Amino acid sequence: MLFRSLVSRTVEKTFCVSFDAIDLSRKDLTVDAIKKNDGIGIKTFVSGNEHDKKEKISEFDDREKYPIDITDHQLLIKQISGYWNERYQRTIDKLKLDETYWHYIVRGDNRIMICEDILQTIDTNSLSLLKGKRNTINFKDSNSMYQFNISKHTLYKEFSYVSPLLDIKPVMGIKDVTEIRNEIMFQIGRASCR
């Protein structure tokens, strides 16, 4: 149960300390950390029943800055994709980044999975509207699946954990976050020696 209780802020700080990255998680950027010229979006979430889960990647609360048309869903997904792409590009330009990727930790009762994926723009030329519910719009591009919650003005992305970089089973006796960090670093060290 201890692995399930990790909070996102703890994971962000642990990542930055462990990998000598600069913590940007409290800035309005599409990345949470920077190492050299690479931007890293850091996520952590509890695993679901499937091998993927939709997680929040951006909020567009300012209705004046981010107006949307909720009557035309095809137009809506183009607007939201455009807002994400603009925010992403502003981050790239501001920080002069070469590459960006997602680093995410998926927590289960008996394991932690460490995964990575490309952090990129939404391909507006390949947008496809999918079936949604009353308050959510599901769509995809050539790279990923997304969901937009209309009432919250929140964009979600689907994160897969089918093939984690590391799949860590707990060591008996781990009691706190420091011990978890040490175990993760030990496992990363073992993996890099293979």
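All other residues with a Cβ under 15 Å from the Cβ of Asp98 taken together, and with Lys, Arg as +1 and Asp, Glu as -1, what is their net charge? Around Asp98, the surrounding residues sum to +1. The aspartates and glutamates whose alpha-carbon is closer than 16 Å to the alpha-carbon of Lys54, local same-chain residues fewer than 8 away aside, are Glu116, Asp117, Asp141, Glu158.
Estimated at 0.36 nm per residue, the fully extended path between Asn49 and Thr71 surpasses their Cα-Cα distance by 4.6 nm. For the pair Asp109 and Arg90, how long in nm is the line joining their label points, each one 7 Å along Cα→Cβ? About 4.3 nm, to one decimal.
Loop-located GluC sites (Glu not before Pro) in region 1-101 (DSSP state not H, G, I, E or B) with no more than 11 neighbouring Cβ atoms inside 10 Å: Glu50, Glu64.
Using the Karplus relation 6.51 cos²θ - 1.76 cosθ + 1.60 with θ = phi - 60°, the per-residue 3J(HN,Hα) values for region 17-31 come to 5, 5, 10, 6, 9, 8, 7, 10, 5, 9, 9, 8, 10, 8, 10 Hz, with x marking Gly and Pro.
A cut-off under 9 angstrom between Cβ atoms defines the neighbours of Lys54, and their net charge, with Lys, Arg +1 and Asp, Glu -1, is 0.
Would you list which aspartates and glutamates come within 14 Å of Lys96, measuring only between C-alpha atoms, while excluding same-chain residues fewer than 8 positions from it? The reachable aspartates and glutamates, counting only those whose Cα sits under 14 Å from Lys96, are Asp38.
Simple point charges give the picture: +1 on the Cβ of Lys and Arg, -1 on the Cβ of Asp and Glu, and for region 7-57 a dipole about the Cα centre of about 120 debye. Positive-end ranking of Gln89, Ile77, Ile122 along the dipole of region 3-161, with charges on Cβ about the Cα centre, is headed by Ile77.
Coupling constants for region 43-60 follow from the phi torsions by the Karplus curve (6.51 cos²θ - 1.76 cosθ + 1.60, θ = phi - 60°), and in residue order they are 10, 9, 7, 7, 5, x, 7, 8, 10, 7, 7, 7, 10, 5, 10, 6, 10, 10 Hz; glycine and proline get x.
Net charge in the neighbourhood of Asp117 (other residues with Cβ under 13 Å of its Cβ; Lys, Arg +1, Asp, Glu -1) is -2.
Spin-label model, Asp61/Lys133: points 7 Å from Cα along the beta carbon direction are separated by 2.3 nm. When you filter the trypsin sites (Lys or Arg not before Pro) in region 15-117 for DSSP loop state and at most 16 other Cβ atoms inside 10 Å of their Cβ, you are left with Arg26, Lys27, Lys36, Arg63, Lys65, Lys96, Arg111.
We did not get these values from a lab; they are worked out from the coordinates using the rules stated. Keep in mind that this is a model prediction, so the values were computed, not measured. Cβ: placed from backbone, ideal geometry, glycine included. Neighbour counts: every protein chain shown.
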